[in-house]
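Visitor: Below is a structure I'd like to ask you about.
The values are calculated or read from the model by the stated rules, or taken from the named source; none is laboratory data. Remember, predicted model here, so these are calculated numbers, not experimental data. Cβ coordinates were reconstructed from backbone atoms using ideal geometry, including for glycine residues, and neighbour counts include every protein chain displayed.
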Amino acid sequence: MTKDYIIRPFQDRSDFEKMQELEQKVWGSEPIPIPQTLTVHQNGGLLMGAFSGERLIGFSYGFPGFSNGHTYLCSHMLAIDPDYQKTGIGKVLKEEQRQEAIRIGYDLLTWTFDPLESVNAYLNLTKLKAICDTYKVNCYGEMKDGLNKGLPTDRLKVDWWIQSSYVNGEQTFTDEQATVLADYEVTPAGFPKISLIHSEDVSNKNSVLVPITKSFQEIKAKDQDLAMDWRMNIRDMFTRLFAEGYAVVKLIQRPDEPVHYYLFVKKDAINLEKEG
């Protein structure tokens with residue numbers, strides 16, 4: 001699909017009304033009230049839209065956050081119209097959000113995502129070069145929507161240091177010589193399942209790989225017990241590695257396997273100094 005859209009910050013009430021319509025189309029849930037999103041946008045927040053003519057086909061919604069003396073932009077929501085999904089708009093929206101956030105004074109953006117959603121992981125970590133060293137157990141409590149029903153809402157909180165040498169420079173990490181933390185087997189139904197989590201000490205390794213199923217949504221729809229097994233195993237491995245000083249920096253895609261792999265490195269090996 002050719003690029004037949006522009007990306008810009010929201011400008012008037014009609015942009016916010018279109019955002020509500022797209023929220024309902026994408027998630028089928030009650031939209032955020034306009035007085036709230038408009039007030040956020042006018043007070044340090046940032047709403048960016050992808051527009052094809054007058055049609056809003058994607059948006060990002062962020063509001064100011066504050067922790068430990070540092071102000072950041074909490075990038076709470078990213079939505080793409082189903083007609084335009086898998087066309088690269090999400091990445092373009094995030095890059096434009098980064099440029100606008102730098103312009104208004106931010107150096108850090110944060111957001112959360114489900115660690116078992118590999119498409120989101122690939123965008124956030126591999127493409128955008130956000131990093132993560134925070135695992136939030138059952139972050140939102142019990143949710144009953146189609147995407148979350150029946151499972152704890154565990155999330156990864158990513159940090160996107162948008163003015164850092166890591167994000168803007170050449171530093172990268174590979175899975176060469178990385179230690180694989182867990183093995184998997186394939187069930188009779190054809191789904192991968194963690195078969196063994198290695199117990200040996202990995203704290204002195206430069207890099208570690210953790211497998212993740214490629215087919216989490218299908219597993220959730222057909223085998224709730226296996227979905228829960230993935231949730232608990234990923235929780236155990238991530239919290240263990242984060243406690244030992246690692247951060248996750250990439251999703252490594254493996255076309256010839258039913259899993260992808262998260263790549264962990266020691267956090268102090270990542271150059272998060274402000275560029276220049």
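Visitor: With the checklist (1) more than 23 Å from residue 209 (Cα to Cα); (2) not in a strand (DSSP E or B) in hand, flag the one item residue 72 doesn't pass.
Guide: Result: residue 72 fails condition (2) only.
Visitor: Moving on to the next point. Of the conditions (1) modelled with pLDDT of 95 or more; (2) under 22 Å from the mean Cα position of the chain (by Cα), residue 183 satisfies every one except a single condition; which number is it?
Guide: (2)
Visitor: Just checking, does the stretch 148-156 include any residue being under 30 Å from residue 76 (Cα atoms), small (Gly, Ala, Ser), surrounded by fewer than 16 Cβ atoms within 10 Å (Cβ to Cβ) and modelled with pLDDT under 90?
Guide: There is at least one residue in the stretch 148-156 that is under 30 Å from residue 76 (Cα atoms), small (Gly, Ala, Ser), surrounded by fewer than 16 Cβ atoms within 10 Å (Cβ to Cβ) and modelled with pLDDT under 90.
Visitor: Would you point out the residue of the stretch 231-244, among those that are buried (at least 16 other Cβ atoms within 10 Å of the Cβ) and in contact with a strand residue (DSSP E or B) (Cβ under 6 Å, 6 or more places away or on another chain), that is farthest from residue 261 (Cα to Cα)?
Guide: 242
Visitor: Related question: Which one of these does residue 141 not meet: (1) touching a residue at least 12 places away in the same chain (Cβ under 8 Å); (2) exposed (fewer than 14 other Cβ atoms within 10 Å of the Cβ); (3) assigned to a helix (DSSP H, G or I)?
Guide: It fails just one condition, (3).
Visitor: Can I ask one more? Quickly run through the stretch 57-76 and pick out the residues that are surrounded by fewer than 22 Cβ atoms within 10 Å (Cβ to Cβ), in contact with a Leu (Cβ under 9 Å, 6 or more places away or on another chain) and either free of Cβ contacts under 8 Å to residues at least 24 places away in the same chain or not small (Gly, Ala, Ser) (or both).
Guide: Answer for the stretch 57-76, where residues must be surrounded by fewer than 22 Cβ atoms within 10 Å (Cβ to Cβ), in contact with a Leu (Cβ under 9 Å, 6 or more places away or on another chain) and either free of Cβ contacts under 8 Å to residues at least 24 places away in the same chain or not small (Gly, Ala, Ser) (or both): 63, 64, 70, 71, 72, 74.
Visitor: Residues in the stretch 248-264 that are over 16 Å from residue 190 (Cβ atoms) and not in a loop (DSSP other than H, G, I, E, B): how many?
Guide: Number satisfying all stated conditions: 10.
Visitor: Here is a follow-up. Would you be able to say whether some residue in the stretch 79-94 is closer than 28 Å to residue 259 by Cβ, of a type in the set (Ser, Thr, Tyr) and either under 14 Å from the mean Cα position of the chain (by Cα) or assigned to a loop (DSSP other than H, G, I, E, B) (or both)?
Guide: Yes, some residue in the stretch 79-94 is closer than 28 Å to residue 259 by Cβ, of a type in the set (Ser, Thr, Tyr) and either under 14 Å from the mean Cα position of the chain (by Cα) or assigned to a loop (DSSP other than H, G, I, E, B) (or both).
Visitor: Going by the structure shown, is residue 247 at pLDDT 95 or above, crowded, with 17+ Cβ neighbours inside 10 Å and of a type in the set (Gly, Ala, Ser)?
Guide: yes
Visitor: Let me ask you something else. Select from the stretch 35-56 the residues that are within 18 Å of residue 25 (Cα to Cα) and exposed (fewer than 12 other Cβ atoms within 10 Å of the Cβ) and list them in ascending order.
Guide: 54
Visitor: Now, a different point. Kindly evaluate residue 268 against the criterion of being farther than 24 Å from residue 139 by Cβ, of a type outside the set (S, T, N, Q) and part of a helix (DSSP H, G or I).
Guide: Judged against the criteria, residue 268 is a match.
Visitor: Also: Name the one entry in 217, 177, 253 that is within 18 Å of residue 151 (Cα to Cα) and not acidic (Asp, Glu).
Guide: Checking each option against the conditions leaves just 217.
Visitor: Right, here's the next one. Can you pull out the residues in the stretch 206-233 that are closer than 13 Å to residue 184 by Cβ and of a type in the set (A, V, I, L, M)?
Guide: 209, 210, 212, 219, 226
Visitor: For the stretch 57-69, give me each residue that is over 25 Å from residue 25 (Cα atoms) and in a strand (DSSP E or B).
Guide: Of everything in the stretch 57-69, those that are over 25 Å from residue 25 (Cα atoms) and in a strand (DSSP E or B) turn out to be 64, 65, 66, 67.
Visitor: Residues that are assigned by TED's automatic domain parsing to the domain that holds residue 227: list the strands (runs of 3 or more DSSP E) wholly contained in the stretch 145-207 that include at least 3 such residues.
Guide: Hits in the stretch 145-207: 182-186, 192-197.
Visitor: Just name the residue that is surrounded by the most Cβ atoms within 10 Å (Cβ to Cβ) out of those in the stretch 213-226 that are out of contact with any strand residue (DSSP E or B) (no Cβ under 9 Å at 6 or more places or on another chain) and not aromatic (Phe, Trp, Tyr).
Guide: Residue satisfying both the conditions and the ranking: 220.
Visitor: Search the stretch 168-195 for residues being charged (D, E, K, R) and under 15 Å from residue 254 (Cβ atoms), and hand back the single one that is surrounded by the fewest Cβ atoms within 10 Å (Cβ to Cβ).
Guide: 176
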